[in-house]
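In what follows, a single structure is set out as structure tokens and then discussed.
The values are calculated or read from the model by the stated rules, or taken from the named source; none is laboratory data. Bear in mind the structure is a predicted one, so any value in this text is a computation, not a measurement. We place every Cβ from the backbone using ideal geometry, glycine too, and count neighbours over all the protein chains shown.
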Amino acid sequence: MCEINSQLESSKLINHYYMNHILLRALFLFLVVTTGWGCAVKKPSAPAAVAEEVTATPEAVAAEPAPVTSKGPYQPAAERLVDLLHTTLKVRFDWAKQHLLGEATLTLKPYFYPQDSVVLDAKGFDIHKVTLLKGRQEVPLQYAYDQYRLTLRLGQRYTRKDTLQLFISYTAKPNELKVKGSEAILSDKGLYFINPLGTEDGVPQQIWTQGETEANSAWFPTIDKPNERMTQDLFITVENRFKTLSNGVLVSSRKLKDGLRIDHWRMSKPHAPYLAMMAIGEYAVVKDKWRNKEISYWVEPEYVATAKSTFGRTPAMLEFFSQKLGMAFPWDKYAQVVVRDFVSGAMENTTASTFMEALHQDRRELLDKNWDHIIAHELFHQWFGDLVTTESWANLPLNESFADYSEYLWAEHQYGPEEAALTHQTALLEYLGESRTKQEPLIRYHYEDKEDMFDSHSYAKGGRVLHMLRQEVGEDAFFAALNLYLRQNQYSAVELDKLRLAFEEVTGRDLKPFFQQWFLTPGHPELAVSHQYENGTLTVLVQQTQDTVRSTVYKFPLVISLLQEGKWQEQTVQVEKVLETFRFPMAAAPQTVVVDPRQHLLARIKHSKSIAEWANQFNYSPGYAAKSNALEQLRDTADTQIEPVLLKALQDPFWKIRYMGVEMLVSTNAMQQPQTQRQVQQMAATDENSSVRAIAMYALSTLQGLPQEIIRRGLEDSSYLVVSASIFAWAKGEHELEALKPFLSYKNPDVVNALASAFTGSEQEELYSWYLQNARRMKGADLYFFIQSFGAFLLKKKIDAQERGWQALVQVVEREAMAEIKQAAFQMLSLMSETDERRETLQKLTEQDPGLSPMTGVEIK
């Protein structure tokens, strides 16, 4: 599972998302704050890539409330009373009612102890018939049903030597369920109809499912627990125009006389019920191949030409992961399908992963970003999560930490060490941002709700712990242990000790202290580091400042790099106490000292150094982590002291360092120098990375009297990111906005948001219609930022003219599941609540969702 919150770059979201889009989010907020074009509302948490304020002062940190650790009840693995062996489903659909009409045949047996009843998870069904199948005979069974669990009375006791078949005819009504969700997975109704009546322009008709955590029991009766496993046959009846996708392989496809068709999908290898899936729609299917296995990409027809550009590195990923793990991809096929309005980022259904619609890209969007991280994440789950599955949600990191770490592994393999270091740092800062408010053990048996497990601990922290484990045991041992873990536990459910024992068997080492410290203890090291050179000796002090009562005193190896005469020497020391002193004989004072230069340690490190030492760290460090950390520490330093560093950053071979250099130049006097301006202009026009070209255009937009021809070149760029930044620059320069109208036909969300910010003062009906259209079309983080500009546009109108926009924002509040988006729209509505009727509408919305709150100072009744 790749979390939906990555769409808002909050401390919980996937992590993983919009790496190249942080620019425009920052641009948008900059323009809102500095120009008044927008109307600021409560914004989501900081983007993952900037979630940790590495320059935070001790006073600011001290003022924060202490992070919490869950004190919820003990959450055990589900008791296994019966063993579900196989599920046969026959399903058809009532599109108008959004119902599934199903027949389920479950093959099962008592797990160990004799049983005279079976309890199944079945949410919100109408139950029509329940029988025990004995050959061709159907024996009716008595049952009790509370709309959540179906208890079947078997009429006698059966032993583990007995195999039973239960038949259930039912109607699933997902829209009538009381829906819950989390920040990671917005809804748990299991089955979703998209545009069911076919009346929404531009929206395809689709049906898709989402099972994690325990939502598949909203569309078929099952034992909906992660430590259960089953094989399955799924017969799907649909209209001929639709294609169907499910787990396993398509066994047959049979046309009926009435324009319908029955597709039979078979999953012959066992997997957990939450991994069962189906997707139905008018898809274009792009076929690929890996080792004679079918790989396919299911997209809307509009995107058939670019599907391979988005997903086409999947065969290379399969080969890389299969080789690295020493175990070939274990399933019969692998399909990837893009669906509308998905409730998460993506989901690793066995043999058929589901993705949010952001993975539909046109050719120009492909120039700005790829989705390799999320594609690798779900693919790695096919081993870690699908082949070997967590036995309980308390052990979720045994699924998600590995999927998170696969993003690093793929970046390292495909794009090199700098991209890998950026991937690693982004996840580290995401976790450290979340850790300011909560600190949990990775494997946590105490929580209030299983959905609480889907956070940056299970993902980002877990991936970083695996990275440390890789350093601890060495490259060969790490992957040999993973191979052993997979082979020993394939097609079964596991807890943490299975992983530890595999590593111990391979290495011959007792690794319980490592696992206890990093997997089972909340928190992380907080290090205060200082150094001093005197009388031929460098003294480095390392103090652990975390709450050692709630957490622990950590023991770990620490790399210390010393720079002397432009050359580095590394020392590895062992930290075991709250305060450690390390001494190194040196002929002269070092130019700088860098602790954990490659940022391998999961820790928050504050190192007291002079400006010259931070500059030397940047100027001489070979790797991204040390360079970027030095730049962050120099961010608020006086101009003249850091200008040479920033000018050098503009020449760096890695795009992210160039990006940071341009970004930081904006607030320095160096940006006023003609030579610097010419250099930034050159970067805006020719840098190979579109994010750098875009940030360069933003930097140029801060200059007074920027010539139109420079911005026009940006408006003609092939990259949407650069076009978007150029639209900001054009509007900020107060140029004629009519020149931007040709871009109104663009669907790219970054361009749309740039235009939305630019046209807030327009009175033209054409623009009003454009805003209304995009209020319906935009999704996720893009919609969040669009709402702010749309609100500013509406607030400049008289109340009668606001009405269509008012209704559009009400619909956003009513239809959206993401709390931040609902809140943004609601706050805009609160600013327009000038009549009793509107205040009554707001009151009704708050009754439906008590979490909504108006803009500060606004009363709704």
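Tell me, please, whether a residue that is more than 30 Å from Ser401 (Cβ to Cβ) and of a type in the set (Phe, Trp, Tyr) can be found in region 544-564.
no
Failed condition for Tyr768, given (1) surrounded by fewer than 22 Cβ atoms within 10 Å (Cβ to Cβ); (2) within 27 Å of Glu820 (Cα to Cα); (3) in contact (Cβ under 8 Å) with a residue 40 or more places away in the chain, with all others met?
Result: Tyr768 fails condition (3) only.
Could you identify the single residue in Glu738, Glu834, Glu814 that is in the same structural domain as Glu716 (by TED's automatic domain parsing), out of contact with any His (no Cβ under 7 Å at 6 or more places or on another chain), modelled with pLDDT under 95 and farther than 22 Å from Phe342 by Cβ?
Matching residue, one of Glu738, Glu834, Glu814: Glu834.
Determine, yes or no, whether Ala63 is among the small types (Gly, Ala, Ser) and either at pLDDT 95 or above or under 22 Å from Ala460 (Cβ atoms) (or both).
no
Residues being in a loop (DSSP other than H, G, I, E, B) and either in the same structural domain as Ser492 (by TED's automatic domain parsing) or surrounded by fewer than 24 Cβ atoms within 10 Å (Cβ to Cβ) (or both): count how many of those fall in region 229-267.
9
Matching residues to (1) surrounded by 17 or more Cβ atoms within 10 Å (Cβ to Cβ); (2) more than 30 Å from Trp655 (Cβ to Cβ):
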| site | (1), (2) |
| --- | --- |
| Arg444 | yes, yes |
| Glu451 | yes, yes |
| Ser456 | yes, no |
| Ala460 | yes, no |
| Glu475 | no, no |
| Pro513 | no, yes |
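Please state which one of Tyr720, Tyr698, Tyr768 is modelled with pLDDT of 95 or more, farther than 30 Å from Arg678 by Cβ and among the aromatic types (Phe, Trp, Tyr).
Answer to the selection: Tyr768.
Could you go through region 206-215 and let me know if any residue there is free of Cβ contacts under 8 Å to residues at least 40 places away in the same chain, part of a loop (DSSP other than H, G, I, E, B), assigned by TED's automatic domain parsing to the domain that holds Ile262 and not acidic (Asp, Glu).
No, the conditions are met nowhere in region 206-215.
Are any residues in region 636-670 outside any helix (DSSP H, G or I) and in contact with a helix residue (DSSP H, G or I) (Cβ under 6 Å, 6 or more places away or on another chain), and if so, which ones?
Thr637, Leu650, Asp652, Phe654, Val666, Thr668
Test of understanding: among Asn292, Asn240, which residue is on the phi > 0 side of the Ramachandran plot and of a type in the set (S, T, N, Q)?
Exactly one of Asn292, Asn240 is on the phi > 0 side of the Ramachandran plot and of a type in the set (S, T, N, Q), namely Asn292.
Of all residues in region 313-364, which are among the aromatic types (Phe, Trp, Tyr) and in contact (Cβ under 8 Å) with a residue 40 or more places away in the chain?
Of everything in region 313-364, those that are among the aromatic types (Phe, Trp, Tyr) and in contact (Cβ under 8 Å) with a residue 40 or more places away in the chain turn out to be Phe320, Phe321, Phe329, Trp331, Tyr334, Phe342.
Going through region 268-321 one residue at a time, which ones are outside any helix (DSSP H, G or I), of a type in the set (Gly, Ala, Ser) and either surrounded by 19 or more Cβ atoms within 10 Å (Cβ to Cβ) or under 23 Å from the mean Cα position of the chain (by Cα) (or both)?
Ala272, Ala276, Ala279, Gly281, Ser296, Gly312
Return the pairs, sorted by first residue and then second, in which the second residue is among the basic types (Lys, Arg) and modelled with pLDDT of 95 or more, the first residue lies in region 588-602 and is surrounded by fewer than 20 Cβ atoms within 10 Å (Cβ to Cβ), the beta carbons are less than 7 Å apart, and the residues are 6+ apart or on different chains.
Listed by first residue and then by second, the contacts come to nothing, as the list is empty.
State whether the residues of region 621-639 include one that is of a type in the set (A, V, I, L, M, F, W, C), on the phi < 0 side of the Ramachandran plot, touching a Gly at 6+ places or on another chain (Cβ under 8 Å) and in contact (Cβ under 8 Å) with a residue 24 or more places away in the chain.
Yes, some residue in region 621-639 is of a type in the set (A, V, I, L, M, F, W, C), on the phi < 0 side of the Ramachandran plot, touching a Gly at 6+ places or on another chain (Cβ under 8 Å) and in contact (Cβ under 8 Å) with a residue 24 or more places away in the chain.
Filtering region 350-371 down to residues that are of a type outside the set (D, E, K, R) and under 16 Å from the mean Cα position of the chain (by Cα), which residue is farthest from Ala725 (Cα to Cα)?
The selected residue is Ser353.
At least 1 residues that are of a type in the set (A, V, I, L, M), touching an Asp or Glu at 6+ places or on another chain (Cβ under 7 Å) and closer than 27 Å to Pro330 by Cβ in each: list the strands (runs of 3 or more DSSP E) lying fully within region 460-548 that qualify.
Strands (runs of 3 or more DSSP E) meeting the threshold: 492-494.
Checking Ala335 against (1) in contact with a strand residue (DSSP E or B) (Cβ under 7 Å, 6 or more places away or on another chain); (2) in a loop (DSSP other than H, G, I, E, B); (3) hydrophobic (A, V, I, L, M, F, W, C): exactly one of these is not met. Which one?
(2)
For region 720-835, which helices (runs of 4 or more DSSP H) that fit wholly inside it have 3 or more residues that are among the acidic types (Asp, Glu)?
Correct list: 799-815.
Condition check ((1) under 25 Å from Lys369 (Cα atoms); (2) polar (S, T, N, Q); (3) over 31 Å from the mean Cα position of the chain (by Cα)) across all residues:
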residue	(1), (2), (3)
Tyr746	yes, no, no
Tyr768	no, no, yes
Tyr784	yes, no, no
Val813	no, no, no
Phe826	no, no, no
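Just checking, how many residues over region 94-116 are in contact with a strand residue (DSSP E or B) (Cβ under 6 Å, 6 or more places away or on another chain) and under 28 Å from Glu176 (Cα atoms)?
Final tally of qualifying residues: 9.
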